[in-house]
Amino acid sequence: MSMSRAKTSAQVMVVGHVCLDVIPAIPAGYALKPGALIHVGPATVSTGGLVANTGLALHRLGVSVKLLAHVGDDLFGDAIRRLIRRHGADDVSFVTDAQGATSYTVVINPPGIDRCFLHCPGVNDHFDVQSINDETLRGLRWLHFGYPPLMRHVYTDGGQALAQWFRRAKKLGLTTSLDMCAPDPNAESGHVDWRAFLHNVLPQVDLFAPSLDELATMMGCTVDPQDLDAVSDLAQRVLAMGPAMLCLKLGEFGLWATASSSRQRLEHFGAAAPDDLSSWRGRSCWAPCFQVDVAGTTGAGDTTVAGLIAAVLDGQSLAQAMTFAVAVGACCVQMPDAVSGIPHADEVRRRITAGWPRHEHPQPPTSWRYDPASGNWSTDTH
């Protein structure tokens, strides 16, 4: 393996899965039929995966980032290097693994229909988090990692190595976060005991940010995103595993977050801990999506999490951070790829303050309070 890098001072290190996304322009009314020839438009070719989606979104928002990912010694690997560096990210490291292919995804994203993916994990299966030494982490404020279900070396030990790595980061004072993706039920990752994996890893995670569907699959249940009582019950079960905060991506129904009711746990949130812990402790917040014309949903969840991280680093309240996060996600879906629609944070804030309308959904239970200043709903759970 060989590594190339450029050094700079960064606030956030984004590590983990990266791939090349090939997104055909599919006309309305498309249906996949065996043997059919479907005329499509030009393909958007872009970087994908957590490192590219969340990392480059943070960079475009104005946060100084450090990116680390594995690629193969092949054409797709060259394309990922070129595309990421074209964004001008501050500090990018590629581990070149000649023993496998670069990861890629064909994104099937017809208008008005949720996307599906044809994915090759490639050299992401070889990623070893323990190979990242403490010196690489020193001086950072935040460490963000994902997606374990597409990284075989990370999930086959039940998350033990990942937990140890996060523990090292916590000892250095960093805030840690973990994002997920859906395991393929027909692949090896679909037979992993993900509940046990989470029990091992989450005590070392400050912000856990899966989608509701991903988390429900791992916990062996089904939850309606419009049933906030059921979402809350699931959130409390997961918070009991040890993270300081759970953020759930609800797709078209917005974003949910719940902070631990334990002051001691929040006090160990790391370098990005909120100034006013009492305003976060035991608080749940639901942020509806902003209204936009959707060109594609690729990367929507990843960039929403980037918005949340940026807002927490900026010292915003939980309600403000949630509003900013769903605004970044709304910027993302206005373009077919994951990051080209993301503007600087100042422009996101300008759109919010200009009166950007939100989607209306059925009101939550009566115990929830509406905050007209942020456009969100919240409740206390402690």
### Task
Check whether at least one residue in region 153-172 is touching a Pro at 6+ places or on another chain (Cβ under 8 Å), farther than 30 Å from E267 by Cα and among the polar types (S, T, N, Q), and report yes or no.
no
### Task
Exactly one condition in (1) at pLDDT 95 or above; (2) under 23 Å from G146 (Cα atoms); (3) touching a strand residue (DSSP E or B) at 6+ places or on another chain (Cβ under 7 Å) is not met by Q291; state its number.
(2)
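Specify which of the listed residues (T175, T156) is under 20 Å from A272 (Cβ atoms) and either touching a residue at least 12 places away in the same chain (Cβ under 8 Å) or of a type outside the set (K, R) (or both). Outline the logic, then answer.
Details: T156 fails: under 20 Å from A272 (Cβ atoms).
Among T175, T156, only T175 is under 20 Å from A272 (Cβ atoms) and either touching a residue at least 12 places away in the same chain (Cβ under 8 Å) or of a type outside the set (K, R) (or both).
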### Summary
With criteria (1) aliphatic (A, V, I, L, M); (2) outside any strand (DSSP E or B); (3) at pLDDT below 90, A52 comes up short on (3)
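Quick check: anything in region 3-12 modelled with pLDDT of 85 or more and under 15 Å from the mean Cα position of the chain (by Cα)? Steps first, answer last, please.
From region 3-12, those modelled with pLDDT of 85 or more are 11-12; that's our starting set.
Filter once more, keeping what is under 15 Å from the mean Cα position of the chain (by Cα): 12.
Yes, region 3-12 contains at least one residue that is modelled with pLDDT of 85 or more and under 15 Å from the mean Cα position of the chain (by Cα).
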### Selected residue [of a type outside the set (V, I, T) and either at pLDDT 95 or above or in contact with a strand residue (DSSP E or B) (Cβ under 6 Å, 6 or more places away or on another chain) (or both)] from A230, A209, A273
A209
### Query
Taking L143 and the conditions (1) touching a helix residue (DSSP H, G or I) at 6+ places or on another chain (Cβ under 9 Å); (2) modelled with pLDDT under 95; (3) assigned to a strand (DSSP E or B), which numbered condition does it fall short on, given that it satisfies the others?
(2)
### Task
Read through the list (1) within 19 Å of S374 (Cβ to Cβ); (2) surrounded by 23 or more Cβ atoms within 10 Å (Cβ to Cβ), then give the number of the only condition that F253 fails.
(2)
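In the list F197, F166, which residue meets the criterion of being closer than 27 Å to D314 by Cβ and either surrounded by fewer than 20 Cβ atoms within 10 Å (Cβ to Cβ) or not β-branched (V, I, T) (or both)?
Just a single option satisfies the conditions, and that option is F166.
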### Query
Picking from L202, L207, which residue would you name as being out of contact with any Leu (no Cβ under 6 Å at 6 or more places or on another chain), within 28 Å of Q226 (Cα to Cα) and touching a residue at least 60 places away in the same chain (Cβ under 8 Å)?
L207
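From G88, G100, grab the single residue that is part of a loop (DSSP other than H, G, I, E, B) and surrounded by fewer than 17 Cβ atoms within 10 Å (Cβ to Cβ).
Details: G100 fails: surrounded by fewer than 17 Cβ atoms within 10 Å (Cβ to Cβ).
Just a single option satisfies the conditions, and that option is G88.
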### Qualifying residue in region 282-292 (condition: out of contact with any helix residue (DSSP H, G or I) (no Cβ under 7 Å at 6 or more places or on another chain) and charged (D, E, K, R))
no
### Task
With the condition kept exactly as written, say whether any residue in region 30-50 is of a type in the set (D, E, K, R) and over 19 Å from H153 (Cβ atoms).
yes
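The values are calculated or read from the model by the stated rules, or taken from the named source; none is laboratory data. The shown structure was predicted, so the numbers you read here are calculated from the model rather than taken from an experiment. Heads up, the Cβs are rebuilt from the backbone with ideal geometry, glycines too, and the neighbour counts pull from every protein chain shown.
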